[in-house]
Amino acid sequence: MTVRLGVIGLGWWARFSHLPAIAAAPGLRLTAVCDADPGRADPVRADLGVPVFTDPAELYASGLVDGVVIATPHATHHAPAKAALESGVHVLVEKPMTTSAAEAWDLVATAERTRTHLSVGYTGQYSAAAVRVRQAVREGEIGELVCVNGDFSSVMMNLLTGTPTYAAPGAGGQGHSQLTHLAGALTRATGQGAEQVFAYMDHRSLPVDVVDALTFRLAGGAVGSLTATGTVPEGLPTRQRLRLYGTSGMVEHDLQYGTATVHRPDGTRVRLSPDPSRPAWGKHAPVEAFGELIAGRGPNHAPGDEAAAAVDLVEAAYRSARTGLPVTITPAFRG
(Lines give C-alpha, C1' and ligand atoms only; values in the text may rest on other atoms or scores of the structure.)
Protein backbone atom coordinates (compact mmCIF):
# COMPACT_ATOMS: atom_id res chain seq x y z
CA MET A 1 0.00 0.00 0.00
CA THR A 2 1.30 3.43 -0.97
CA VAL A 3 0.18 6.14 1.44
CA ARG A 4 -0.62 9.51 -0.12
CA LEU A 5 0.47 12.45 2.02
CA GLY A 6 0.03 16.18 1.83
CA VAL A 7 2.04 18.83 3.68
CA ILE A 8 0.37 21.95 5.09
CA GLY A 9 2.82 24.73 5.89
CA LEU A 10 5.99 24.99 3.83
CA GLY A 11 8.34 26.70 6.25
CA TRP A 12 11.93 25.68 6.92
CA TRP A 13 11.12 22.58 8.98
CA ALA A 14 8.81 21.14 6.32
CA ARG A 15 11.47 21.71 3.66
CA PHE A 16 14.28 20.41 5.89
CA SER A 17 12.52 17.38 7.34
CA HIS A 18 9.03 16.45 6.13
CA LEU A 19 9.37 16.76 2.35
CA PRO A 20 12.70 14.85 2.25
CA ALA A 21 11.24 12.19 4.56
CA ILE A 22 8.30 11.57 2.24
CA ALA A 23 10.58 11.48 -0.79
CA ALA A 24 12.91 8.94 0.85
CA ALA A 25 10.29 6.50 2.15
CA PRO A 26 9.31 3.81 -0.36
CA GLY A 27 5.75 3.50 0.96
CA LEU A 28 4.96 7.22 0.87
CA ARG A 29 4.05 9.58 -1.95
CA LEU A 30 3.68 13.34 -1.78
CA THR A 31 0.43 14.16 -3.60
CA ALA A 32 -0.33 17.75 -2.56
CA VAL A 33 0.98 20.72 -0.59
CA CYS A 34 -0.72 23.72 0.94
CA ASP A 35 0.49 27.11 2.13
CA ALA A 36 -1.32 30.42 2.45
CA ASP A 37 1.73 32.10 0.91
CA PRO A 38 2.00 31.25 -2.81
CA GLY A 39 5.61 32.39 -2.69
CA ARG A 40 6.48 29.37 -0.57
CA ALA A 41 4.25 26.96 -2.44
CA ASP A 42 5.26 27.76 -6.03
CA PRO A 43 8.87 26.49 -5.74
CA VAL A 44 7.50 23.16 -4.46
CA ARG A 45 5.15 22.99 -7.45
CA ALA A 46 8.06 23.61 -9.77
CA ASP A 47 10.39 21.12 -8.07
CA LEU A 48 7.97 18.30 -7.28
CA GLY A 49 5.11 18.76 -9.72
CA VAL A 50 2.30 18.24 -7.20
CA PRO A 51 -0.93 20.22 -6.87
CA VAL A 52 -0.62 23.32 -4.68
CA PHE A 53 -3.44 24.65 -2.50
CA THR A 54 -3.73 27.82 -0.45
CA ASP A 55 -6.79 26.61 1.49
CA PRO A 56 -6.57 23.36 3.52
CA ALA A 57 -10.31 22.75 3.08
CA GLU A 58 -9.84 22.55 -0.69
CA LEU A 59 -6.99 20.07 -0.25
CA TYR A 60 -9.13 17.83 1.98
CA ALA A 61 -12.03 17.97 -0.49
CA SER A 62 -9.76 17.02 -3.39
CA GLY A 63 -9.48 13.36 -2.37
CA LEU A 64 -5.76 13.47 -3.12
CA VAL A 65 -4.47 12.55 0.35
CA ASP A 66 -4.84 9.81 2.94
CA GLY A 67 -3.07 11.89 5.57
CA VAL A 68 -1.51 15.30 6.07
CA VAL A 69 1.50 16.65 7.91
CA ILE A 70 0.66 19.99 9.53
CA ALA A 71 3.73 22.20 9.93
CA THR A 72 2.17 25.64 10.24
CA PRO A 73 3.16 28.01 13.11
CA HIS A 74 2.49 26.63 16.61
CA ALA A 75 -0.58 28.66 17.46
CA THR A 76 -2.35 27.79 14.18
CA HIS A 77 -2.34 23.99 14.40
CA HIS A 78 -5.88 23.47 15.69
CA ALA A 79 -7.99 24.68 12.77
CA PRO A 80 -6.33 22.75 9.90
CA ALA A 81 -5.91 19.64 12.06
CA LYS A 82 -9.56 19.61 13.14
CA ALA A 83 -10.76 20.20 9.58
CA ALA A 84 -8.60 17.32 8.34
CA LEU A 85 -9.91 14.92 10.99
CA GLU A 86 -13.49 15.99 10.25
CA SER A 87 -12.83 15.18 6.59
CA GLY A 88 -11.60 11.68 7.43
CA VAL A 89 -7.95 12.58 6.75
CA HIS A 90 -5.31 11.27 9.16
CA VAL A 91 -3.12 13.90 10.84
CA LEU A 92 0.51 14.18 11.87
CA VAL A 93 0.76 17.58 13.54
CA GLU A 94 4.05 19.18 14.47
CA LYS A 95 4.87 19.79 18.11
CA PRO A 96 3.55 21.41 20.14
CA MET A 97 0.25 19.80 19.23
CA THR A 98 -1.41 23.13 20.06
CA THR A 99 -0.61 25.99 22.40
CA SER A 100 -3.96 25.55 24.19
CA ALA A 101 -4.99 22.51 26.23
CA ALA A 102 -8.64 23.00 25.30
CA GLU A 103 -7.73 22.87 21.61
CA ALA A 104 -5.49 19.84 22.13
CA TRP A 105 -8.22 17.81 23.85
CA ASP A 106 -10.69 18.90 21.18
CA LEU A 107 -8.44 17.32 18.54
CA VAL A 108 -8.24 14.11 20.59
CA ALA A 109 -12.04 13.96 20.83
CA THR A 110 -12.41 14.69 17.12
CA ALA A 111 -9.99 11.92 16.14
CA GLU A 112 -11.83 9.46 18.37
CA ARG A 113 -15.20 10.44 16.92
CA THR A 114 -14.05 10.28 13.30
CA ARG A 115 -11.89 7.17 13.84
CA THR A 116 -8.87 8.84 12.33
CA HIS A 117 -5.23 8.66 13.39
CA LEU A 118 -3.72 11.63 15.24
CA SER A 119 0.05 11.73 15.82
CA VAL A 120 2.48 14.42 16.93
CA GLY A 121 5.98 15.10 15.60
CA TYR A 122 8.02 14.45 18.75
CA THR A 123 11.22 13.19 17.11
CA GLY A 124 12.64 11.64 20.29
CA GLN A 125 9.70 9.29 20.80
CA TYR A 126 10.20 7.16 17.69
CA SER A 127 13.43 5.40 18.68
CA ALA A 128 13.88 1.88 20.05
CA ALA A 129 15.26 3.52 23.19
CA ALA A 130 12.00 5.43 23.74
CA VAL A 131 9.99 2.23 23.33
CA ARG A 132 12.18 0.46 25.92
CA VAL A 133 11.94 3.37 28.38
CA ARG A 134 8.15 3.26 28.18
CA GLN A 135 8.17 -0.48 28.78
CA ALA A 136 10.47 -0.21 31.80
CA VAL A 137 8.41 2.49 33.48
CA ARG A 138 4.90 1.35 32.64
CA GLU A 139 5.49 -2.34 33.35
CA GLY A 140 7.07 -1.69 36.74
CA GLU A 141 10.58 -2.86 35.89
CA ILE A 142 11.98 -0.05 38.06
CA GLY A 143 9.29 -0.37 40.72
CA GLU A 144 6.90 2.41 41.62
CA LEU A 145 7.79 5.70 39.93
CA VAL A 146 8.72 8.30 42.55
CA CYS A 147 10.77 11.04 40.86
CA VAL A 148 11.52 12.46 37.40
CA ASN A 149 13.96 15.08 36.21
CA GLY A 150 14.76 16.35 32.76
CA ASP A 151 16.66 19.08 30.96
CA PHE A 152 16.60 20.53 27.45
CA SER A 153 19.39 22.94 26.54
CA SER A 154 19.69 24.27 23.02
CA VAL A 155 20.91 27.04 20.73
CA MET A 156 17.70 29.02 20.28
CA MET A 157 18.48 32.72 20.63
CA ASN A 158 18.69 33.27 16.87
CA LEU A 159 15.20 31.78 16.42
CA LEU A 160 13.69 33.40 19.49
CA THR A 161 14.84 36.83 18.35
CA GLY A 162 13.85 36.74 14.70
CA THR A 163 11.50 33.94 13.63
CA PRO A 164 7.74 34.60 13.96
CA THR A 165 6.94 30.93 14.58
CA TYR A 166 9.09 31.02 17.71
CA ALA A 167 9.21 34.69 18.68
CA ALA A 168 5.57 35.79 18.55
CA PRO A 169 4.11 36.23 22.07
CA GLY A 170 1.70 33.39 22.82
CA ALA A 171 2.98 31.29 19.94
CA GLY A 172 6.63 30.58 20.64
CA GLY A 173 9.23 30.58 23.34
CA GLN A 174 11.34 27.87 24.90
CA GLY A 175 8.34 26.23 26.54
CA HIS A 176 6.31 25.68 23.38
CA SER A 177 9.26 24.92 21.12
CA GLN A 178 11.67 22.89 23.30
CA LEU A 179 10.33 22.09 26.78
CA THR A 180 7.37 20.42 25.06
CA HIS A 181 9.71 17.59 23.96
CA LEU A 182 10.42 16.71 27.59
CA ALA A 183 6.73 16.99 28.47
CA GLY A 184 5.82 14.67 25.62
CA ALA A 185 8.49 12.14 26.57
CA LEU A 186 7.26 12.29 30.18
CA THR A 187 3.64 11.51 29.37
CA ARG A 188 4.70 8.86 26.86
CA ALA A 189 6.93 7.04 29.32
CA THR A 190 4.68 7.26 32.36
CA GLY A 191 1.15 7.19 30.99
CA GLN A 192 0.33 9.96 33.46
CA GLY A 193 -0.62 13.60 33.24
CA ALA A 194 0.43 16.29 35.70
CA GLU A 195 -1.86 17.27 38.57
CA GLN A 196 0.02 20.33 39.80
CA VAL A 197 2.70 22.57 38.28
CA PHE A 198 4.79 25.48 39.54
CA ALA A 199 7.16 27.33 37.21
CA TYR A 200 9.61 30.19 36.80
CA MET A 201 10.37 31.65 33.36
CA ASP A 202 12.95 34.25 32.32
CA HIS A 203 12.44 36.18 29.06
CA ARG A 204 15.95 37.64 28.91
CA SER A 205 14.43 40.94 27.64
CA LEU A 206 12.64 39.17 24.77
CA PRO A 207 8.88 38.97 24.16
CA VAL A 208 8.94 35.21 24.86
CA ASP A 209 10.41 32.90 27.48
CA VAL A 210 14.00 31.75 27.02
CA VAL A 211 14.82 30.00 30.33
CA ASP A 212 12.22 27.79 32.04
CA ALA A 213 12.19 25.77 35.26
CA LEU A 214 9.20 23.91 36.63
CA THR A 215 8.24 21.36 39.24
CA PHE A 216 5.24 19.07 39.06
CA ARG A 217 3.31 16.23 40.63
CA LEU A 218 2.00 13.45 38.39
CA ALA A 219 -1.39 11.80 38.75
CA GLY A 220 0.30 8.69 40.16
CA GLY A 221 2.01 10.67 42.93
CA ALA A 222 5.56 10.98 41.57
CA VAL A 223 7.16 14.43 41.72
CA GLY A 224 9.67 15.92 39.35
CA SER A 225 11.32 18.89 37.67
CA LEU A 226 12.02 19.98 34.10
CA THR A 227 14.35 22.75 32.95
CA ALA A 228 14.95 24.25 29.53
CA THR A 229 17.19 27.00 28.24
CA GLY A 230 17.75 28.39 24.76
CA THR A 231 20.89 30.28 25.76
CA VAL A 232 23.44 27.62 24.78
CA PRO A 233 26.26 29.25 22.76
CA GLU A 234 26.81 28.29 19.14
CA GLY A 235 29.07 25.27 18.85
CA LEU A 236 27.88 23.51 21.99
CA PRO A 237 25.62 20.45 21.67
CA THR A 238 21.89 20.33 22.27
CA ARG A 239 20.88 18.13 25.21
CA GLN A 240 17.53 16.42 25.73
CA ARG A 241 17.65 14.13 28.75
CA LEU A 242 15.07 12.54 31.00
CA ARG A 243 15.67 10.43 34.11
CA LEU A 244 12.95 8.43 35.82
CA TYR A 245 13.54 7.00 39.30
CA GLY A 246 11.57 4.11 40.77
CA THR A 247 11.59 2.38 44.13
CA SER A 248 13.86 -0.38 42.81
CA GLY A 249 15.57 0.97 39.69
CA MET A 250 15.86 3.92 37.30
CA VAL A 251 15.91 4.81 33.62
CA GLU A 252 18.06 7.32 31.74
CA HIS A 253 16.81 8.48 28.35
CA ASP A 254 18.77 10.69 25.96
CA LEU A 255 16.22 11.85 23.40
CA GLN A 256 18.78 13.74 21.30
CA TYR A 257 20.99 10.73 20.63
CA GLY A 258 18.42 7.92 20.84
CA THR A 259 20.05 6.10 23.74
CA ALA A 260 18.73 4.73 27.03
CA THR A 261 19.95 2.80 30.05
CA VAL A 262 17.65 0.77 32.29
CA HIS A 263 19.12 0.17 35.78
CA ARG A 264 17.42 -2.97 37.08
CA PRO A 265 16.74 -3.93 40.72
CA ASP A 266 19.35 -6.72 40.59
CA GLY A 267 22.12 -4.27 39.68
CA THR A 268 22.28 -5.19 36.01
CA ARG A 269 21.91 -2.61 33.26
CA VAL A 270 20.34 -2.72 29.82
CA ARG A 271 21.76 -0.20 27.34
CA LEU A 272 20.08 0.71 24.07
CA SER A 273 21.74 2.54 21.22
CA PRO A 274 20.37 3.63 17.85
CA ASP A 275 20.74 1.57 14.71
CA PRO A 276 24.19 2.63 13.40
CA SER A 277 22.85 2.60 9.84
CA ARG A 278 20.37 5.37 10.67
CA PRO A 279 20.80 8.89 12.09
CA ALA A 280 20.63 8.99 15.89
CA TRP A 281 18.38 12.05 15.73
CA GLY A 282 15.39 10.78 13.78
CA LYS A 283 14.13 13.91 12.04
CA HIS A 284 12.42 11.71 9.40
CA ALA A 285 11.04 9.19 11.88
CA PRO A 286 7.66 10.83 12.61
CA VAL A 287 6.70 10.93 8.92
CA GLU A 288 7.95 7.40 8.28
CA ALA A 289 6.03 6.03 11.27
CA PHE A 290 2.92 8.02 10.30
CA GLY A 291 2.87 6.26 6.95
CA GLU A 292 3.23 2.87 8.64
CA LEU A 293 0.41 3.75 11.03
CA ILE A 294 -1.96 4.71 8.22
CA ALA A 295 -1.05 1.52 6.34
CA GLY A 296 -1.81 -0.57 9.43
CA ARG A 297 1.78 -1.75 9.79
CA GLY A 298 2.94 0.08 12.90
CA PRO A 299 1.96 1.70 16.22
CA ASN A 300 1.30 5.32 17.07
CA HIS A 301 4.49 6.43 18.83
CA ALA A 302 3.16 9.91 19.74
CA PRO A 303 -0.63 9.63 20.10
CA GLY A 304 -2.86 12.62 20.60
CA ASP A 305 -3.94 11.95 24.18
CA GLU A 306 -0.36 11.80 25.45
CA ALA A 307 0.54 14.95 23.49
CA ALA A 308 -2.53 16.74 24.87
CA ALA A 309 -1.41 15.85 28.42
CA ALA A 310 1.95 17.45 27.54
CA VAL A 311 0.11 20.60 26.43
CA ASP A 312 -1.72 20.55 29.78
CA LEU A 313 1.63 20.61 31.58
CA VAL A 314 3.23 23.33 29.45
CA GLU A 315 0.13 25.53 29.52
CA ALA A 316 0.03 25.22 33.33
CA ALA A 317 3.72 26.18 33.49
CA TYR A 318 3.05 29.38 31.55
CA ARG A 319 0.11 30.21 33.80
CA SER A 320 2.15 29.55 36.94
CA ALA A 321 5.06 31.69 35.75
CA ARG A 322 2.65 34.51 34.94
CA THR A 323 0.81 34.42 38.28
CA GLY A 324 3.57 33.24 40.62
CA LEU A 325 1.25 30.52 41.93
CA PRO A 326 1.04 26.74 41.55
CA VAL A 327 -1.53 25.57 39.01
CA THR A 328 -3.75 22.55 39.57
CA ILE A 329 -4.81 20.43 36.58
CA THR A 330 -7.59 17.86 36.45
CA PRO A 331 -5.81 15.27 34.30
CA ALA A 332 -7.90 14.01 31.40
CA PHE A 333 -5.21 11.49 30.45
CA ARG A 334 -5.00 8.02 31.93
CA GLY A 335 -2.64 6.00 29.75
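Some values worked out for this structure:
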read-out: Paramagnetic label zone (point 7 Å from Cα along Cα-to-C-beta, Glu139; backbone N under 18 Å) in the stretch 301-321; value: 301
read-out: Under 19 Å from the Met1 label point (7 Å along Cα→beta-carbon), backbone N, the stretch 107-122; value: 111-120
read-out: Heavy-atom accessible area ranking, 1.4 Å probe, most first, across Ile22, Ile294; value: Ile294, Ile22
read-out: Helix 128-138 vs. the chain, principal-axis angle (Cα, 0 to 90°, nearest 10); value: 50 degrees
read-out: Backbone HN-Hα couplings from phi across the stretch 73-78 [Karplus 6.51/-1.76/1.60, Hz, Gly and Pro as x]; value: x, 3, 6, 10, 5, 4
read-out: Cα gyration tensor category, rounded, prolate or oblate, for the stretch 233-297 with a/c compared to 1.5; value: oblate
read-out: Linear extension gain, Val146 paired with Arg271, 0.36 nm per residue minus alpha-carbon span; value: 42.8 nm
read-out: Binned Cα-Cα distances of the stretch 228-267, short to long, each 10 Å bin given as a whole percent; value: 26, 39, 24, 11, 0
read-out: Using θ = phi - 60° and Karplus 6.51 cos²θ - 1.76 cosθ + 1.60, couplings along the stretch 81-97 (whole Hz; Gly, Pro as x); value: 5, 4, 4, 5, 4, 5, 8, x, 9, 5, 10, 10, 10, 5, 7, x, 3
read-out: Against the rule of thumb 2.2 N^0.38 Å, how large the Cα Rg of the stretch 194-238 comes out; value: 1.44
read-out: Label-point separation in nm, Tyr200 to Glu234, each point 7 Å along Cα→Cβ; value: 3.0 nm
read-out: Backbone HN-Hα couplings from phi across the stretch 186-202 [Karplus 6.51/-1.76/1.60, Hz, Gly and Pro as x]; value: 5, 5, 5, 6, 9, x, 10, x, 7, 9, 8, 9, 10, 9, 10, 9, 10
read-out: Pairwise FRET efficiency - Ala128 versus Leu48, Cβ, R0 = 22 Å, nearest 0.05; value: 0.10
read-out: Accessible area of Val314 in the full protein assembly, 1.4 Å probe (Å², nearest 10); value: 10 Å²
read-out: Accessible area, probe 1.4 Å, largest first, for residues Met250, Met1, Met156; value: Met1, Met250, Met156
read-out: For Val146, residues with placed amide H under 5 Å, excluding near neighbours; value: Tyr245, Gly246, Thr247
read-out: Radius ratio Rg over Rh of the stretch 4-74, counting only Cα atoms, Kirkwood formula for Rh; value: 0.91
read-out: Distance histogram in 5 Å bins (all Cα pairs of the stretch 179-256, percent per bin); value: 3, 13, 22, 24, 18, 11, 6, 2, 0
read-out: Largest-first ordering by accessible area, 1.4 Å probe, given options Leu160, Leu206, Leu325; value: Leu325, Leu206, Leu160
read-out: Span per principal axis, largest first, for the Cα atoms of the stretch 1-148 (Å); value: 55, 32, 29
read-out: Cα gyration tensor category, rounded, prolate or oblate, for the stretch 27-111 with a/c compared to 1.5; value: prolate
read-out: D_trans [Stokes-Einstein, Kirkwood Rh over alpha-carbon pairs] for the chain, 25 °C, 0.890 mPa s, µm² s⁻¹; value: 122 µm²/s
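The values are calculated or read from the model by the stated rules, or taken from the named source; none is laboratory data. Keep in mind it's a predicted model, so treat the numbers as computed, not measured. Counting neighbours? That spans all protein chains shown, and the Cβs are built from the backbone with ideal geometry, glycine included. The area values use the complete protein model at the heavy-atom level, side chains included, leaving out ligands, DNA and RNA. Shrake-Rupley method; radii C 1.70, N 1.55, O 1.52, S 1.80 Å.
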